[in-house]
Amino acid sequence: MLVAELEFKIIADTSFDEAEKGIRHYLEKLIFQGQILGREFPTYQAQDSFFSRVVLPQSDALDKKSHSKAGLNALEQLQQVGLSYPKLTILGDDLMSNHTDPCPSHAALILFCSFSATNSVLYCAEHFAPVPLYKIGKTSGEDFESLVRWQLQYQALDEIQMQESRVLFKSAEQSVQGFYSGLNQQGYKQARALSRELNKPVYYYLYSGSSMDCALDAEKKCPSCGSDWKLGQSWHGLFDFCCEPCQLVSNIAFDCQP
């Protein structure tokens, strides 16, 4: 990942409120296309320009070809509020981020989310590295707003259930861990829809943190179809279960691991 700065030069009469709304709208569309990562984007004014600090998955993330239709519209709307197209300056590597997957194409993907990761929730199944959303080959022309909004909900609940002094622990854990929770059903639906559109497997990761019986946990069945899904060897050192027909992966509960 790369830390970068966007400069929006003032090219016509504008107000601070108009400029702020135009920049915010543009950055939001970049988020929904996976072109910038994270939630906070410090933005400030210096002389005749506004500057925003962002994190990019790759150096080509802001190329016009990477934009969604909504992103291109937001780019054009910047001039309507008196701002230029953004000038990109890459400042350096982000030491706190995962490295983007190097594959030019992917035979399969894994939809994987955790509270601490700001990168794409779609991972290359071969290398288990994040794939920028704008690079997965989606053809519908729509952006990934619904997937990004799901990610924000997942991470909020995951963070609650991971805390040592936990608030709403049981409800948060059940939402993240239960296959039939509203949260996981939304995520699984997203994975299946992407699988159909891309015509390739998109596995959904079902988190397993705790178990009522660790002796039985390693022998649990696929929660969707009830089939045996235990792998002979862990996949990527994390997934102990995989159901190919259901495109589900999971792990032996972390509380049950040595």
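Quick notes on this one:
- Those helices (runs of 4 or more DSSP H) lying entirely in the range 154-220 with at least 3 residues at pLDDT below 85 and out of contact with any Cys (no Cβ under 8 Å at 6 or more places or on another chain): 169-177
Yes or no, residue by residue, for (1) within 20 Å of Y180 (Cβ to Cβ); (2) of a type outside the set (S, T, N, Q); (3) surrounded by fewer than 17 Cβ atoms within 10 Å (Cβ to Cβ):
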position: L206; (1), (2), (3): yes, yes, no
position: L238; (1), (2), (3): no, yes, yes
position: C243; (1), (2), (3): yes, yes, no
position: N251; (1), (2), (3): yes, no, no
position: C256; (1), (2), (3): no, yes, no
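- Out of A61, A107, sole residue that is touching a Phe, Trp or Tyr at 6+ places or on another chain (Cβ under 9 Å) and either among the polar types (S, T, N, Q) or outside any strand (DSSP E or B) (or both): A61
Per-residue answers, yes or no, for (1) of a type in the set (A, V, I, L, M, F, W, C); (2) modelled with pLDDT of 90 or more; (3) open to solvent by 50 Å² or more (accessible area, probe 1.4 Å); (4) more than 19 Å from F239 (Cα to Cα):
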residue: Q79; (1), (2), (3), (4): no, yes, yes, yes
residue: T89; (1), (2), (3), (4): no, yes, yes, yes
residue: D94; (1), (2), (3), (4): no, no, no, yes
residue: F112; (1), (2), (3), (4): yes, yes, no, no
residue: S120; (1), (2), (3), (4): no, yes, no, no
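- Residues of the range 114-126 that turn out to be under 21 Å from A61 (Cα atoms) and either more than 8 Å from the chain's Cα centre (by Cα) or in a loop (DSSP other than H, G, I, E, B) (or both), as a count: 7
- All positions within the range 33-57 that are farther than 14 Å from F8 by Cβ and either open to solvent by 10 Å² or more (accessible area, probe 1.4 Å) or out of contact with any helix residue (DSSP H, G or I) (no Cβ under 8 Å at 6 or more places or on another chain) (or both): Q33, L37, G38, R39, E40, V55, L56, P57
- Condition check for F128: surrounded by 15 or more Cβ atoms within 10 Å (Cβ to Cβ) and on the phi < 0 side of the Ramachandran plot: no
The values are calculated or read from the model by the stated rules, or taken from the named source; none is laboratory data. The model shown is predicted, which means the values in this text are computed figures rather than measured ones. Note that we place each Cβ from the backbone using ideal geometry, even for glycine, and neighbour counts take in every protein chain shown. Quick note on the areas: whole protein, heavy atoms, side chains included, nothing else; ligands and nucleic acids left out. Shrake-Rupley method; radii C 1.70, N 1.55, O 1.52, S 1.80 Å.
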